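The values are calculated or read from the model by the stated rules, or taken from the named source; none is laboratory data. Fair warning: this is a prediction, and the values are worked out from it, not measured in the lab. Backbone-built Cβ (ideal geometry, glycine too); neighbour counts: all protein chains shown.
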Amino acid sequence: MRVFRTVFVRLSAAAVILLAIPTGLSLLNRLAPQFDSLAHFRLHLAAALTAAAILAAFLGARRMAMVGGLTVVAALVLTYPYLPGLSPGSFSSANASPRSLRVLQFNTLYDNTQTDLAARVIRAADPDVVFLQEVTDSPKALINLLKNDYPVQLRCGDSAIGGATVISRLPAARDKIDCVESFALSAIRLDLGGEPITFASYHGFWPWPFNQQEGIDKLSGQLAALPHPLILAGDFNATTWSEGVHQIARLTDTAPAPGVRATWLSSHLPNALKPLIGLPIDQIMVSDEFTITSIETLPFAGSDHLPVVADIAF
């Protein structure tokens, strides 16, 4: 019996070590893109490490349990304020302002066969401005289905999976922004009660081993030049606490909405798991002129991403 207990203690200690190492490295995500990729799964790793540490403590491996616990605490501290429950509260008429608007972010998925469903979800949310990615020009594309609802539409560049797009029922402002030669960024100036506002849709690459950093570097000049007031939204392929998001925040002088909203999960897994274990890689970022009063994910709309809707006071 003692032999079996010794084996279980060693296995629990090994589990703590195997989970504490990548969790700890994810805290160094500013140092290397490899660590930034690990940071995407920081909360998943921390949850697994918590379970392993509790098991190790129960079996008597208290030192390893302490190592695991301290690593989890460090992960949670450095991920603040992006933890669940720290996002803006529910929207109500009490915090609405005469100059408020609703925006919606959604990676449509270039081969989405349920764009009719997506259009219904978007219409039900009733946003003023919609940021879309992987938008194609097919007859069933969302921009065509929503043309009557959102007549102002801009899509800059294109690729095999479509481009980034902004569509709006707000009128275009007089001062316009020229398209950049990239499928990853589209920006337009819209008129909100006589005030020109910049709305930009962004689609980033996945970090290491792919070329997220290269993509950000190529667009750094255009991102830094986006006029304020600015609302930037998109599929960043980067979590809110990642260095990729923070770099774009520095370039654009914006801040991402706090809180964790799981928006993406592989289409090979059940859609019901998206809000439970998905990655929060769809971001809405605003300049200092704005306050996000509410933000939440919407139901499945035919994509591997969930739509995100936010109410914003100006």
Tell me, yes or no, whether the stretch 215-232 has at least one residue that is touching a residue at least 60 places away in the same chain (Cβ under 8 Å) and touching a Leu at 6+ places or on another chain (Cβ under 9 Å). yes
Strands (runs of 3 or more DSSP E) wholly in the stretch 197-314 with at least 1 residues that are small (Gly, Ala, Ser) and touching a Gly at 6+ places or on another chain (Cβ under 9 Å) - which ones? 230-235, 291-297
Inside the stretch 49-72, can you point out the residues that are in contact with a Ser or Thr (Cβ under 8 Å, 6 or more places away or on another chain), within 11 Å of Leu19 (Cβ to Cβ) and surrounded by fewer than 19 Cβ atoms within 10 Å (Cβ to Cβ)? none
In the stretch 31-51, the residues that are under 13 Å from Ala238 (Cα atoms) and in contact with a helix residue (DSSP H, G or I) (Cβ under 6 Å, 6 or more places away or on another chain): Pro33, Phe35, Asp36, Leu38, Ala39, Arg42
I need the full set of residues from the stretch 116-145 which are in a loop (DSSP other than H, G, I, E, B) and either outside the structural domain of Asp191 (by TED's automatic domain parsing) or at pLDDT 95 or above (or both), in order please. Asp126, Pro127, Asp128
With closer than 28 Å to Arg123 by Cβ, touching a residue at least 60 places away in the same chain (Cβ under 8 Å) and crowded, with 19+ Cβ neighbours inside 10 Å as the only criterion, which of Val260, Val286 stands out? Val260
Which residue out of Ser168, Ser159, Ser182 is crowded, with 20+ Cβ neighbours inside 10 Å and either modelled with pLDDT of 95 or more or farther than 23 Å from Ala310 by Cβ (or both)? Ser168
Mind checking which pairs have a first residue in the stretch 128-155 that is of a type in the set (Gly, Ala, Ser) and a second that is part of a helix (DSSP H, G or I) and at pLDDT below 95, Cβ under 8 Å, 6 or more apart or different chains? Ser138/Asn144; Ala141/Thr115
